[in-house]
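J.: What follows is a structure written as structure tokens; I'll ask about it next.
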Amino acid sequence: MTSNAIRICETGLRDGLQNERHCLSAEERASLARLLVAAGHRHIEAGAFVREDRVPQMAGSAEVLQRVHGLAARFTVLVPNLAGWRAAEGAGATSVAVFAAASESFSQKNTNGSTAEVLARSREVAAACRQHGATLRGYVSTITHCPFEGRVAVQDVVRVAEALFDMGCEEVSLGETTGRAVPRDVREVLSACAVTLPLEKLALHAHDTYGMAVANVTAALEAGLRSFDSSLGGLGGCPFAPGAAGNIATEDLLHLLHGHGCDTGIDADAAVRVALAAEKLLGHELPGRVLAAARRRN
Ligand code: HMG
Ligand code: MG
């Protein structure tokens, strides 16, 4: 890896699709995954093994995994508990993400348990992953704002991130769930994290509700982060964070990073084509700005 290398985790097929009214079939999701890999993506979040009655868009994640098997990328799936792990493992998952929130209200709404309870379930998943040699990633949600409680204390974020590293996560993604943060908030949370946590193992997962995601990623880049999550076309949000928009659009992130001389390994034009393909499958336009510019050109 070069010193200006940046890791990108494409979350459109999970974080993106989970907020869509129309559910894509497993084959439609796999077809987008193939395009993502062809564009140069090497880390893709492909689905979630959660309750289908709570997130129906993620039903069929096992079939998605089976259909993308053998492609040259790491496919991660979201797993909340041992029931999810058993299903994921049965589908051949080798990379898992556990998720917990820094705010108690969001934890209850999203995962039906307190943060401590959710971390305890995640520890069980982590132990199973260790036993089976699966790679483990962690998310901390609501790193600056909670949709129900407002501002979140930085020490709560650090505490949850520490717990995720302690259970064996190789990377922890800091989820700015509501998209309300401004760069100052991101700098504050990262400087608190830097005291006890390895910055090189942190990622930023920036939702773009208020159009601040590019600014927030820039602040994180300047603070030393080298790993970012994004969503094709800016698709998505979280069904349990009312009003939140999708993650930073992958094409916008690439425009920013490539313009800064960073190396992502992803072809920016091919990334636009993936987002256009997703629009076609979903039957509506996606909010990414680079994508809108491409649409105007055509
Ligand atoms: P629960 O209801 O507390 O679970 O769900 P339970 O253990 O009490 O079991 C109740 C029933 O659910 C049982 O079935 C279980 O078998 C079943 P019954 O006996 O009644 O027929 N069950 C499951 N079924 C399928 N898969 C499972 C599973 N677990 C139990 N894994 C749970 C707790 C967390 C599973 C539930 O609340 C849930 O699925 N929540 C959805 C979580 C979710 O997907 N949220 C969106 C993704 S997170 C996100 O977007 C944030 C992120 O992007 C970062 C950021 O932006 O901040 C990552
Ligand atoms: Mg998210």
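J.: Top mean-square fluctuation among Gly40, Gly288, Gly12, Gaussian network model of the chain, C-alpha springs under 10 Å?
T.: Between Gly40, Gly288, Gly12, it is Gly40 that shows the largest mean-square fluctuation.
J.: Would you mind giving the three semi-axes, in whole Å and largest first, of the ellipsoid equivalent to region 1-44 according to its Cα gyration tensor? It would help to have the intermediate numbers written out before the result.
T.: Numbers: eigenvalues 124, 31, 5 Å².
They are 25, 12, 5 Å, listed largest first.
J.: How high is the relative contact order of region 7-297, given as a whole-number percent (alpha carbon pairs under 8 Å, six or more residues apart)?
T.: Values: 629 pairs, mean separation 54.6, N = 291.
Here the relative contact order equals 19 percent.
J.: Then there is this: Solvent-accessible area per residue for the chain at a 1.4 Å probe radius, Å²? It would help to have the intermediate numbers written out before the result.
T.: Details: 11950 Å² over 298 residues.
Here the residues of the chain average 40 Å² of exposed surface.
J.: Where both residues lie in the chain, what percent of DSSP beta bridges are antiparallel, nearest 5?
T.: Values: 3 of 34 bridges.
Looking only at bridges with both residues in the chain, the antiparallel portion is about 10 percent.
J.: Right, something else. Quick one: Cα centre-to-centre distance for region 89-112 and region 172-249, in angstrom?
T.: 18 Å
J.: Counting other Cβ atoms within 10 Å, which GluC sites (Glu not before Pro) in region 42-92 have at most 13 and lie in a DSSP loop? List each step's numbers first, then the result.
T.: Working: sites: Glu45, Glu52, Glu63, Glu89; in loops: Glu52.
When the GluC sites (Glu not before Pro) of region 42-92 are filtered for loop state and at most 13 Cβ neighbours within 10 Å, Glu52 remain.
J.: Grab the beta carbon distance between Glu63 and Gln155, set R0 = 51 Å, and tell me the FRET efficiency rounded to 0.05. Numbers along the way, then the final one.
T.: On the way: r = 41 Å, r/R0 = 0.81.
Efficiency, rounded to the nearest 0.05: 0.80.
J.: Further, regarding this structure: Whole-Å semi-axes of the chain's equivalent ellipsoid, largest first, each the root of 5 times a Cα gyration tensor eigenvalue?
T.: Working: eigenvalues 127, 105, 67 Å².
Sorted largest first and rounded, they come to 25, 23, 18 Å.
J.: Follow-up. So which DSSP H runs in the chain come out at 15 Å plus along the axis (Cα) with average Kyte-Doolittle of at least 0.5? Please list the in-between numbers first.
T.: Numbers: long enough: 26-39 (20 Å, 0.56); 115-132 (25 Å, -0.28); 154-166 (18 Å, 0.65); 183-196 (21 Å, 0.24); 268-282 (21 Å, 1.01).
Counting only whole DSSP H runs, the qualifying helices are 26-39, 154-166, 268-282.
J.: What is the calculated FRET efficiency for Glu222 to Glu170, with r their C-beta to C-beta distance and R₀ = 22 Å, to the nearest 0.05?
T.: Working: r = 24 Å, r/R0 = 1.09.
Plugging the Cβ-Cβ distance into 1/(1 + (r/R0)^6) gives 0.35.
J.: Quick one: go through region 157-175 and flag any residue whose amide nitrogen is under 11 Å from the point 7 Å out along the Cα-to-Cβ line of Arg130.
T.: Counting backbone N atoms under 11 Å from the label point, the list is 166-169.
J.: Once each part is reduced to its C-alpha centroid, what is the distance from region 251-294 to region 126-170 in angstrom?
T.: 28 Å
J.: Note the direction-averaged projected area, equal to a quarter of the hull surface, for the Cα convex hull of region 186-288, in nm².
T.: On the way: hull surface 28.9 nm².
Hull-based average projected area comes out at 7.2 nm².
J.: Name the residue from Thr115, His205, Pro287 whose Cα lies farthest towards the positive end of the charge dipole of region 7-297, charges +1 on Cβ of Lys and Arg and -1 on Cβ of Asp and Glu.
T.: The listed residue farthest towards the positive side: Pro287.
J.: Between Arg295 and Asp269, what length in nm is gained on full extension when 0.36 nm per residue of separation is reduced by their alpha carbon distance?
T.: On the way: separation 26, 0.36 × 26 = 9.36 nm, distance 1.23 nm.
That works out to 8.1 nm of additional length.
J.: Which one of Glu149, Glu20, Glu285 has the biggest mean-square fluctuation once the chain is modelled by GNM with Cα springs under 10 Å?
T.: In the Gaussian network model the winner is Glu149.
J.: Ordering Asp229, Asp263, Asp269 by accessible area with a probe of 1.4 Å, largest first, what comes out?
T.: On the way: Asp229 0, Asp263 70, Asp269 105 Å².
Most to least solvent-accessible, the answer reads Asp269, Asp263, Asp229.
The values are calculated or read from the model by the stated rules, or taken from the named source; none is laboratory data. Since the model is a prediction, treat every value here as computed from it, not as a measurement. Every residue, glycine among them, receives a Cβ derived from its backbone with ideal geometry; neighbour counts consider all protein chains shown. Ligands, DNA and RNA are excluded from the accessible area calculation, which covers all protein heavy atoms including side chains. Shrake-Rupley method; radii C 1.70, N 1.55, O 1.52, S 1.80 Å.
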